[in-house]
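Report on the structure given below.
No value in this document is a laboratory result; all are computed from the given coordinates. Remember, it's a predicted structure, so these values are computed and weren't measured experimentally. Counting neighbours? That spans all protein chains shown, and the Cβs are built from the backbone with ideal geometry, glycine included.
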Amino acid sequence: MKDKLDKLAGRRVIIISNRLPVSVSKENWETTISPSSGGLATGLASYHRDQEGLWIGWPGYNPTTEKEKTGLKNRLLNEFNCYPVYLSNLEIKKYYNGFSNDTIWPLFHYFTTKCTYDPTEWDYYQRVNEKYCRTLLEVVRPGDIIWVQDYHLMLLPEMVRREVPDATIGFFLHIPFPSMEVFRYLPWRKEILNGILGADMIGFHTYDYSRHFLSCVLRILGKEQNYGQIVVDNRVVKIDTFPMGIDAAKFIETVESEEVDTEINNLMKSIKNNKLILSVDRLDFTKGIPERLKAFEAFLEKYPDWRGKVTYIMLCVPSRDKIQQYQLLKKEVDELVGKIDGRFGDPGWSPILYMYRSIPFSTLVSLYASADLALVTPLRDGMNLVCKEYLACQGQLKNGMLVLSETAGSAAELGEAIIVNPNNINSMTEAIHQGLTMPEEDKKAALKLMINRIKRYNVFRWADDFMDQLLKVKENQEHNEQRLLAGRLKRELLTGYEQADKRLFLLDYDGTLVSFKKKPEQAKPDEELLVLLKKMAADPQNKVVVISGRDQDSLQEWLAGTEVDLVAEHGAWFRERDLDHWESAQQGNTTDWKDNIYPLLEVFAERTPGAFIEEKSSALVWHYRKSEPELGSLRAKELVDNIRGLLNATGLQVLLGNKVIEVKPVDINKGKAAAIWLAKENWDFILGMGDDWTDEDIFAVLPEDAWSVKVGFTAFTKARFYLESHKAARSLLDSLAEISSKVIAG
Ligand code: GDG
């Protein structure tokens with residue numbers, strides 16, 4: 001315990017999920033509190049018990065009077081460190097059965113035809129998320145770590161962020177995050193993404209889910225990622241993969257208990273020491289229960305020798321039984337079980353023992369420990385803890401085998417199991433046969449590897465890993481905040497400006513002074529910018545240089561009237577205001593190389609809708625701003641690799657800018673251009689601003705005490721400071737121009 005608190009520096013973890021890890025029920029005036037079922041509750045409950053935190057959620061029961069509410073709240077708090085959110089029947093109907101389980105659950109598991117999109121249910125989803133937010137605000141204290149769980153509360157991180165801007169918030173999704181093609185069906189897709197992005201650390205079970213999420217954020221919100229990091233309102237949010245584990249020790253210890261020993265003996269007697277096949281699921285359409293029953297039926301048909309020698313115990317825990325789809329599934333499963341038993345069973349043997357109920361933990365462990373084969377064949381599953389629990393209980397009494405769906409998140413970790421496609425009934429039939437007839441040595445070897453992994457990456461490691469990363473993200477954010485050019489830093493800059501006699505400004509154009517436009521020619525300066533640059537240049541103590549990647553003609557046409565110095569094509573051409581003509585930086589450079597590179601750029605432009613080539617006097621530029629973002633960046637990387645292959649010893653370089661690739665001679669870059677102006681005077685105030693990778697060359701040559709400013713936040717830059725946007729950059733220049741105007745007027 002002490003270790004854990006040390007790691008979190010004594011901070012309290014508040015878990016918040018739809019349901020509490022305990023459920024309350026009332027019968028004959030007696031209130032009973034028992035453990036909740038379901039993967040999230042069972043998995044995280046051990047972690048919660050192990051740390052002095054708090055868990056907020058619905059207890060599964062609504063007290064009727066205020067007195068009862070308070071009484072139950074106190075009991076949950078004192079005995080279980082739990083804090084209840086009470087939900088009305090209508091809220092449960094619309095938010096839980098409705099939006100959560102009739103929209104999000106089927107959609108995220110790729111059952112698109114089972115989804116309903118009901119605006120009233122969406123409305124309730126928002127309201128109930130707000131209710132959870134209000135409840136959290138009743139108890140949250142400074143320094144607490146808030147850990148939001150699962151798909152019922154995807155709006156909560158952003159809601160909490162609004163109320164407590166500097167809160168430490170983690171979010172973990174326990175179900176799959178679907179691919180963009182499926183997620184885009186959701187009418188409220190932007191709201192859901194923004195809701196989740198209120199967190200600092202966002203976790204998924206598998207790499208694929210993280211990848212899908214990042215792709216949706218890019219395609220729907222237009223936000224780019226960098227090594228799993230996304231910038232949201234100057235906050236770096238991290239997205240990563242944490243495959244959830246189980247409390248393996250608890251299962252292993254229970255297998256060894258006397259109680260389980262007796263239960264196993266009774267169980268084996270009752271099935272006449274037959275080979276035991278087991279499945280354990282909530283009764284849910286994602287779990288592939290009918291498909292599995294069909295495979296078992298086909299197995300008995302194809303391998304008649306096994307009739308009478310094998311028993312399949314199918315445990316289905318009742319779930320969401322108020323929803324019609326679940327009632328229909330129950331009917332289908334009941335009928336299939338009846339059909340198989342009727343077809344193959346005889347008075348002394350039932351092929352299937354079907355239990356539609358929840359069983360005590362020790363009985364569950366007895367089943368896990370005595371099963372020769374577990375069938376975990378969901379059609380889709382975020383992770384699936386049942387297969388891990390089964391494996392943890394194996395290897396002592398028996399060396400069993402696991403048949404596992406490739407569409408369960410856990411398949412990414414349990415490659416030694418027999419992996420199946422749950423829609424391929426034939427291959428599942430064979431997998432059952434293979435699992436039952438596999439040589440003991442092979443099973444032992446496979447089990448050893450899987451059990452070791454489950455023991456090592458258990459639920460505590462999983463939670464600790466998540467917490468470690470969350471705290472690191474927070475530390476980075478705090479460090480970044482100190483770099484925002486606002487408040488005290490901005491005042492220092494203004495004073496430095498006021499006191500300086502010789503000031504140099506090295507300013508990028510696109511993305512720094514104007515926003516990005518779809519077509520490069522649309523980024524013409526507006527009147528406000530022209531006036532601003534004129535004012536800056538009018539101060540005789542200022543030297544203003546616009547260093548751009550644009551060609552000479554555009555810069556001259558747009559900016560020459562402002563009396564600033566101009567650098568075109570990333571330093572290939574200079575035009576000082578007093579000299580009034582362009583000078584070339586590339587004496588002796590030829591442009592013959594373009595003939596070799598151009599055709600390659602052309603091929604890639606043809607293969608990438610929206611991409612086009614711009615020819616500059618010193619460079620060739622391949623733009624992909626208008627392309628579909630993922631295809632564009634994929635092709636850009638491919639193109640860069642191809643160009644690099646051609647560039648050996650040509651004296652050329654290839655630069656990846658903001659949605660552009662530029663090929664040009666090595667001795668031309670913005671840094672070299674900046675160095676020319678830096679050397680002209682003994683400047684006592686220098687401000688360099690840029691938003692792009694090509695501006696990093698400017699930052700690199702600036703003296704240490706210069707004001708180097710990245711416009712738009714990124715985690716990776718050589719600049720010492722940053723500003724949020726081109727608007728903030730203009731506003732800073734405006735404050736400086738204001739100082740100059742006062743001096744000139746005064
Ligand atoms: C969601 C995701 C993800 C079941 N029957 C009994 C019982 N259980 C316990 C099992 C297990 C849990 O319920 C089921 O967990 P799963 O992970 O298999 O599935 P979901 O409930 O759908 O959970 C899933 C999980 O969240 C965690 O992130 O893995 O993909 O869908 O722990 O042991 N426990 C007892 N009696 C039963 O009858 N005591």
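Sequentially through region 104-119, phi angles give Karplus couplings (6.51, -1.76, 1.60; θ = phi - 60°) of 5, 4, x, 5, 5, 9, 6, 9, 5, 6, 8, 7, 10, 10, 10, x Hz, Gly and Pro residues having no value and appearing as x.
Counting only residues at least eight positions apart within a chain, or on another chain, the lysines with an alpha carbon under 20 Å from that of residue 670 are 543, 616, 659, 680, 710, 718.
Sparsely packed loop sites in region 569-657 (the trypsin sites (Lys or Arg not before Pro) outside DSSP H, G, I, E and B with at most 16 other Cβ atoms within 10 Å) comprise 577, 626. Annotation: aspartates and glutamates with alpha-carbon distance below 13 angstrom to residue 594 (same-chain offsets under eight excluded): 602, 614, 615, 662.
Distances between placed amide hydrogens fall under 5 Å for residue 708 paired with 688, 720, 721, all partners being 5 or more residues away or on another chain. Using the Cβ-Cβ distance between residue 138 and residue 78 with R0 set to 22 Å, the FRET efficiency works out to roughly 0.85.
Taking 7 Å steps out from each Cα toward its Cβ at residue 256 and residue 270 produces label points 2.7 nm apart.
Relative to the longest principal axis of the Cα atoms of the chain, the long axis of helix 258-270 lies at roughly 60 degrees.
As a proxy for reagent exposure, ranking 370, 617, 515 by other Cβ atoms within 10 Å from fewest up yields 515, 617, 370. Given their separation in residues at 0.36 nm each and the Cα-Cα distance between them, residue 37 and residue 412 gain 132.6 nm when the chain is fully extended. Note on residue 93: lysines with a C-alpha under 16 Å away, same-chain residues under 8 apart excluded, are 131, 322. Computed about the Cα centre, the dipole magnitude for region 318-359 is approximately 220 debye when only Lys and Arg (+1) and Asp and Glu (-1) carry charge, each at its Cβ. Once the dipole of the chain is set up with Lys and Arg at +1 and Asp and Glu at -1 on Cβ about the Cα centre, which of 160, 260, 436 lies farthest towards its positive end? In the chain, that residue is 260.
Once you sort the root eigenvalues of the Cα gyration tensor of region 482-535 as a ≥ b ≥ c, which label holds: rounded (a/c under 1.5), prolate (a/b larger than b/c) or oblate (the other case)? Mind dumping the intermediate values first?
Numbers: a/c = 2.87, a/b = 1.75, b/c = 1.64.
It comes out prolate by the Cα gyration axes.
For residue 352, the residues whose amide H sits under 5 Å from its own are 312, ignoring neighbours fewer than 5 places away on the same chain, with H placed 1.01 Å from N.
Residues of the chain were split at every exposed loop site, defined as GluC sites (Glu not before Pro) in a DSSP loop with at most 14 other C-beta atoms within 10 angstrom, and the longest piece left, sites excluded, is 53-255. With neighbours defined as other Cβ atoms within 10 Å of a residue's Cβ, the residues 581, 433 order from fewest to most as 581, 433. If the segment from residue 207 to residue 130 were pulled out straight at 0.36 nm per residue, it would be longer than the present Cα-Cα gap by 24.7 nm.
Region 103-161 and region 449-466 have Cα centres lying 28 Å from one another.
What the Kirkwood sum gives for the chain is a hydrodynamic radius of 29.9 Å, with every pair of different alpha carbons counted.
One chain, two ends: residue 223 and residue 166. Fully extended at 0.36 nm per residue, the span grows by 18.4 nm beyond their Cα-Cα distance. When +1 charges are put on Lys and Arg Cβ atoms and -1 charges on Asp and Glu Cβ atoms, the dipole computed for region 98-206 relative to its Cα centre reaches about 100 debye.
The spacing between region 201-277 and region 489-511, judged by their C-alpha centroids, is 51 Å. Plainly put, region 34-191 has a radius of gyration that is 0.96 times its Kirkwood radius, both from alpha-carbon atoms, as the Rg/Rh ratio. Translational diffusion coefficient of region 442-493 (Stokes-Einstein, Kirkwood radius from Cα pairs, 10 °C, 1.306 mPa s): 108 µm²/s. Sorting 86, 457 from the fewest to the most surrounding beta carbons within 10 angstrom yields 86, 457. Only beta bridges with both residues in the chain are counted; by DSSP, about 30 percent of them are antiparallel. Taken along the Cα-to-beta-carbon direction at a fixed 7 Å, the label points for residue 339 and residue 554 span 6.6 nm. On the basis of the beta-carbon distance and an R0 of 25 Å, residue 305 and residue 441 show a calculated FRET efficiency of 0.65. Comparing 43, 631, 314 along the charge dipole axis of the chain, the residue lying farthest to the positive side is 314, per the Cβ-charge model. Projecting the Cα atoms of 293, 449, 109 onto the charge dipole of the chain (Cβ charges, centred on the Cα centre) puts 293 farthest toward the positive pole. On the basis of the beta-carbon distance and an R0 of 60 Å, residue 577 and residue 179 show a calculated FRET efficiency of 0.65. Kirkwood's formula applied to the C-alpha pairs of region 210-339 gives a hydrodynamic radius of 19.6 angstrom. Applying a DSSP loop filter and a limit of 13 other Cβ atoms within 10 Å to the trypsin sites (Lys or Arg not before Pro) in region 113-222 leaves 184. Relative to the longest principal axis of the Cα atoms of the chain, the long axis of helix 459-481 lies at roughly 20 degrees.
For the chain, the longest principal axis of the alpha carbon atoms and the long axis of helix 594-607 meet at an angle near 40°. Placing +1 on the Cβ of every Lys and Arg and -1 on the Cβ of every Asp and Glu, with no other charges, gives the chain a dipole of roughly 1740 debye about its Cα centre.
Calculated from DSSP H runs of 4 or more alone, at -39500 (n - 2.57) each and per residue, what is the 222 nm mean residue ellipticity of the chain, nearest 500? Walk me through the numbers before you get to the answer.
Numbers: 26 runs with 319 residues, N = 746.
Helices in the chain give a 222 nm mean residue ellipticity of -13500 deg cm²/dmol.
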